[in-house]
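**Q** So that we are looking at the same thing, I have put the structure below in structure tokens.
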């Protein structure tokens, strides 16, 4: 069977992966740091070793862990890789490199058809709830997504459900002003569920196409705050059946092993439908994508590759892998 | 989420138990476990590698005294080395200049703005300073608004000049402080990537223009392997005087503390422990070691409890704890204290072994505290001192008196028994580090 690596090579050659040059550049540039860290080091590893041996594998393990792929995932990955290398009698590091990309892809895809598309409502407004710990970039992500949807000609409504953090309401309102998008707000420190209710109501009555709801940052081990999310979900669901259509967990790409804990805890409390990975342009890592897929089985739906609204991209594993291993393909 | 290092070490240690000394052979599994545990705590890989090698070298050939087991010797070396790395001497925040100039720097979302409010509050309360907060985040929408809201709730003035050049804002703020008798300036800056040259230059310009006395790097304690680039990036461009770790009330191990110390050698001065404006504590290396290794945070619990309980109460509880005498009155008192302390889940996490006892899953609603209070107050003094006498008819009376049910009374008595057991364990000294 042809491996993923060769397939991707073929696809790139026939220009099937990217829609246009601009998109390719965005992935290439946004993942530049990660690529430099990882892919360049992998290349120099292959120069250092003529033959694959124990030291080679140790260095490789180091590389993977340093990419934040997660200790558990890496340990499993290494066992599998070493096993495959032995069985297939691979001694040449260059050949093994293809195997590594293949296996990394397998972690993510894992025999499943991944749904990274947003689940839009068939009729009435599509409601998307954004959740996450403090400081991951929820509000900025919402602004970016709002811009994207507006540019597609949709009627967008923002809901300032973070009534807790000082300045959060103003932050979203300012974005609304800049983008020319309506924002529903409530009093600071008021019950967020009431703001959410107001927002969903307006969204339905005034036929908005999409309602994006901001929530306060909450650390995943704070039970009361996590329960509050449950309440918001109920409020939305009571008003519009099947809503929220998406509950997106926003994760900071520079987060380490705690990202797994975040994904697990949020998934337990609410029906997380996908992940938005922010600040990927700033980190040299981003391996957390693989760790979360492997350990929590949540798909990444969007990634933030820069500060501009258009830098929020629909996540595509092929493009992502290309961004990471460009020089090798 | 992670298996405690303690549990994992137990497994690995069983292999070296019984040996007279530590050798390369019998220690390799243990070293690997330590390495993985540190990596899982997000300590940087390079740091882990160098550090574990150092610990291994020290441990090798170490003579194992009769009274100690090899595993205990190894753990002791590990803990001592970690402590040495994190630094045992407390370095206080700079306060001697008039005005003292402090600046917070860091990535987006690390928690600078909230931290500046906490610091200003602390400087006023603990050091009797008259602080002025200076708003220099001219980029993020509503960052100035956020700071003003925080300032307002603390009653601390915020100096802002809108979106003017930050260097000018800081200079104007210094003049303003001198004219108006402020003796401590806290400058909030915009979050930035360490590789953003323009924005890094802005910080350098601010510092060259007014010469800061404190430049603190604010680090999210959940940061992963990229921490090494962030820390060295900021450290190379600016003369950092310290580090603040934020969001430590989450369930992160916070291994970045080790990376930060190892890479910069500047002290970690504070940790952020809640979203509230008094949620800041001085860094304690001993507690941090316990946390990174997953050994609980007893000292933190005690310190936090003490600051809320009045001293007399604390002393009495401590005495009773030691004697193993502990009744429903104490139980109630503790519950009320907990109500003041905030997040109970956070507190429980700090108790070593709490996880093993299944205590971290305990969820307590603040309303429940009121109900517990009603139940205890419906008991006679002798019932409170000696709960064993509470049988069926008494339970019914108590339930009626407190407007609760017999089941709830039973539940409370069970909880009391559990916490009594815990107190007993503590008084036996079982909460110390296993060594």
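Read-outs throughout are calculated quantities, based only on the coordinates presented, and are distinct from any laboratory measurement. Keep in mind that what you see is a predicted model, and the values were worked out from it rather than measured. Every residue, glycine among them, receives a Cβ derived from its backbone with ideal geometry; neighbour counts consider all protein chains shown.
**Q** Taking chain A as a Gaussian network, Cα atoms linked when under 10 Å apart, which of A:304, A:274, A:72 shows the biggest mean-square fluctuation?
**A** Answer for the Gaussian network model of chain A: A:72.
**Q** If the chain between residue B:209 and residue B:128 were fully stretched, how many nm would it gain, using 0.36 nm times the residue separation less the Cα-Cα distance?
**A** Length difference between fully extended and current span is 26.5 nm.
**Q** Volume per residue, Å³, of the convex hull around the alpha-carbon atoms of the stretch B:100-285?
**A** 106 Å³
**Q** Running a GNM on chain A with Cα contacts under 10 Å, which residue among A:222, A:308, A:147 ends up with the highest mean-square fluctuation?
**A** In the Gaussian network model the winner is A:222.
**Q** Separate question: Helix A:71-87 against the longest principal axis of chain A: what's the angle in degrees, Cα atoms only, rounded to the nearest 10?
**A** It is inclined by approximately 30 degrees.
**Q** Angle between the Cα long axis of helix A:54-66 and the longest principal axis of chain A, 0 to 90 degrees, nearest 10?
**A** Result, in degrees: 10.
**Q** Normalised by the number of residues in the stretch B:100-285, what is the relative contact order in percent for Cα pairs under 8 Å and 6+ residues apart?
**A** Dividing the mean separation by the residue count of the stretch B:100-285 yields 27 percent.
**Q** How far is the Cα center of the stretch A:124-147 from the Cα center of the stretch A:312-327, in Å?
**A** The stretch A:124-147 and the stretch A:312-327 have Cα centres spaced 22 Å from each other.
**Q** Right, next: Compute the distance in nm between two label points, each set 7 Å from the Cα along the Cα-to-Cβ direction, one at residue B:282 and one at residue A:80.
**A** 5.0 nm
**Q** Can you pull a Stokes-Einstein diffusion coefficient for the stretch A:122-185 at 4 °C (1.567 mPa s), Rh from Kirkwood over Cα pairs, as a whole number of µm²/s?
**A** It comes out at roughly 106 µm²/s.
**Q** While we're on this one: Using only Cα atoms and rounding to the nearest 10 degrees, what angle (0 to 90) does helix A:138-151 make with the longest principal axis of chain A?
**A** 80 degrees
**Q** Note down the nm distance, to one decimal, between modelled labels 7 Å out along Cα→Cβ at residue A:155 and at residue B:373.
**A** Here the answer is 5.0 nm between the modelled labels.
**Q** Would you mind pulling out the separation of the Cα centroids of the stretch A:73-113 and the stretch A:170-249, in Å?
**A** Using only Cα atoms, the two centres lie 42 Å from each other.
**Q** Counting other beta carbons within 10 Å of each Cβ, put A:245, B:213 in order, fewest first.
**A** Arranged by neighbour count, lowest to highest, A:245, B:213 become B:213, A:245.
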